[in-house]
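A.B. asks: Following this message is one structure expressed as structure tokens.
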Amino acid sequence: MDNTISEVLSFVEENDVKFIRLTFCDLFGVPKNVSIMPGELERAFTEGISFEQSAVEGFQNAPSTLYLKPDAGTVSALPWRPSAGRVIRFFCDIVTSDGTPYEGCARSILKRAVAHAARHGLSCQVGTECEFYLFKTDEFGEPTLTPHDHAGYADIAPLDRGENVRREICLTLEEMGFNPETSHHEAGPGQNEIDFRFSDALSAADNLLAFRAAVKAIAAKHGLYASFLPKPFPDRSGSGMHVNFSLVRNGKNIIHAADGLHDPMSEQFVEGVLRHAPEMAAFLNPLPNSYRRLGQFEAPRGIGWAKNGAGPHIIHVPPALGEQARIELRSPDPCCNPYLAFALLLEAGLSGLEGGYPLRAQAGTEMAPGEELLPEDLPAALTTAGNSPLIARVFPESLRETYFTRKRQEAEAYIAGDAAAYDFAHYFPYY
């Protein structure tokens, strides 16, 4: 037993911890947890805790019993739970009965991508800018489609009624050991954004899962419902999740964004992301609703990069210096499975290094004639992903088959019926 596990067990005993949440997500990024009592924690570390995999999307066809194995380094108290009888939480890997990582565990897939980058002497630092809407609830506490306010971008109280909710979310996240950087009201009515300081890719994925759970829990405390649905209103701004990434080699950020991308490795990495963007869309924009956002209200569709304002293009290179220099991918949305999304981004970028891809010319402020676009809808995205050697290499066949089957069913049902009603019935309650 390593010191971290020993320290966690001592903390549980000394701090009146009564419940322990083992957190993971299903294949489609929906957070899940199994709670155990403190007396079971040591067994969880050594053997794992089994769960009803047949009831969790993406794990029904696993060949054997699966177990949740907590990562001791991710322990965090849940500040919105009572201080007496404290509740703590761990993020978990999913393993088989002999303790080996399950091939369909998204967290383990991301770990493999991180290890692949390390073999090139690189680590990828990731920060997210995540948008969401706050909606009023009815007398039964059920969500409505009435926005919490009608403020606009960066408005203040009293127009901005989400100020106190955002403040509580940021303070709560700080208590949990995360690093929110900025927050503000976004352009849509009831729309908000909170941005995270960069961290390693695995921690960033964990943080995003925790962030979505915290936002929903704190919104509920205020009698509100938080939704990360990419496009809840057809005529208002959609909610995206900009992913900022930098590349560290020998302790130094090799992205020099203030004067362009001049490090060959960073240029090749960015070109890898651009070349594989259409193939990744089915995972970075996973809902039929996702494609109602792209190309509208400043959400990009063009596969290009630009400095000082990306316009309709998916990659923006902000004019930042030092450790703040970064690449901003603007196309993903917050309904993705963050482990799968970040693993793909890493592997796409690394393919650019390994293939020596030269970076294409910077795009203009407008869409160029014939510029390649992201897929127009989920069926097109699934077809592109299904034909992708990158997707086939990064994700095991069982994961791909399950993911594509489910998403094709969703796309067919979406096209066949009332899209808005389908969104409200199938996505709004979960995302």
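The values are calculated or read from the model by the stated rules, or taken from the named source; none is laboratory data. Bear in mind the structure is a predicted one, so any value in this text is a computation, not a measurement. Positions of Cβ are backbone-derived with ideal geometry, glycine not excepted, and every protein chain shown enters the neighbour counts. The accessibility values were calculated without ligands, DNA or RNA, using every heavy atom of the protein model including side chains. Shrake-Rupley method; radii C 1.70, N 1.55, O 1.52, S 1.80 Å.
A.B. asks: Would you mind working out the accessible area per residue for the chain, using a 1.4 Å probe, and quoting it in Å²?
C.D. replies: Dividing the accessible area of the chain by its residue count gives 41 Å².
A.B. asks: Same structure again: How large is the charge dipole for region 35-87, taken about the Cα centre, if only the Cβ atoms of Lys, Arg (+1) and Asp, Glu (-1) carry charge, to the nearest 20 debye?
C.D. replies: Approximately 200 debye in magnitude.
A.B. asks: Something else now. Starting from the Cα of Gln296, step 7 Å along the direction of its Cβ; do the same at Ala154; then give the gap between the two resulting points in nm.
C.D. replies: About 2.6 nm separates the two model spin labels.
A.B. asks: If DNA, RNA and ligands are ignored and the probe is 1.4 Å, what is the ranking of Met367, Met280 by accessible area, most exposed first?
C.D. replies: Met367, Met280
A.B. asks: Just to verify a number: FRET efficiency for Phe19 and Thr65, C-beta to C-beta distance, R0 = 30 Å, to 0.05?
C.D. replies: 0.80
A.B. asks: If you bin every alpha carbon distance in region 339-431 into 10 Å steps from zero, what whole percent lands in each bin?
C.D. replies: Over region 339-431, the share of Cα pairs per 10 Å bin runs 12, 33, 34, 19, 3 percent.
A.B. asks: Helix-only estimate, please: 222 nm mean residue ellipticity of the chain, summing -39500 (n - 2.57) across DSSP H runs of length 4 or more and dividing by its residues, to the nearest 500.
C.D. replies: Result for the chain: -10500 deg cm²/dmol, rounded to the nearest 500.
A.B. asks: Between Ser199 and residues 5 or more places away or on another chain, which pairs have amide H atoms under 5 Å apart, with H built 1.01 Å from N, and which residues are they?
C.D. replies: Amide H to amide H, under 5 Å and 5 or more residues apart or across chains, Ser199 pairs with Val126, Gly127.
A.B. asks: First measure r as the distance between the Cβ atoms of Arg249 and Glu354, then evaluate 1/(1 + (r/R0)^6) with R0 = 22 Å and state the FRET efficiency to the nearest 0.05.
C.D. replies: Calculated transfer efficiency: 0.90.
A.B. asks: Apply 1/(1 + (r/R0)^6) to the Cβ-Cβ distance of Arg167 and Ser97, taking R0 = 41 Å, and write down the FRET efficiency to the nearest 0.05.
C.D. replies: 0.35
A.B. asks: Next question. How large, in percent, is the carbon and sulfur part of the accessible surface of region 271-332 at a probe radius of 1.4 Å?
C.D. replies: Ligands and nucleic acids excluded, carbon and sulfur give 48 percent.
A.B. asks: In units of 2.2 N^0.38 Å, what is the alpha-carbon radius of gyration of the chain?
C.D. replies: Normalised Rg, Cα atoms only: 0.96.
A.B. asks: Let me ask you something else. Ignoring ligands, DNA and RNA, please state the percent of accessible area on region 1-73 from carbon and sulfur, probe 1.4 Å.
C.D. replies: Roughly 43 percent, rounded to a whole number.
A.B. asks: Let me ask something else. Taking a 1.4 Å probe, which of Lys252, Lys407, Lys111 shows the most accessible area, and what order do the others take after it?
C.D. replies: From most exposed to least exposed: Lys252, Lys111, Lys407.
A.B. asks: How much of the accessible area of region 89-235, in percent, comes from carbon and sulfur atoms when a 1.4 Å probe is used?
C.D. replies: That share works out to 52 percent.
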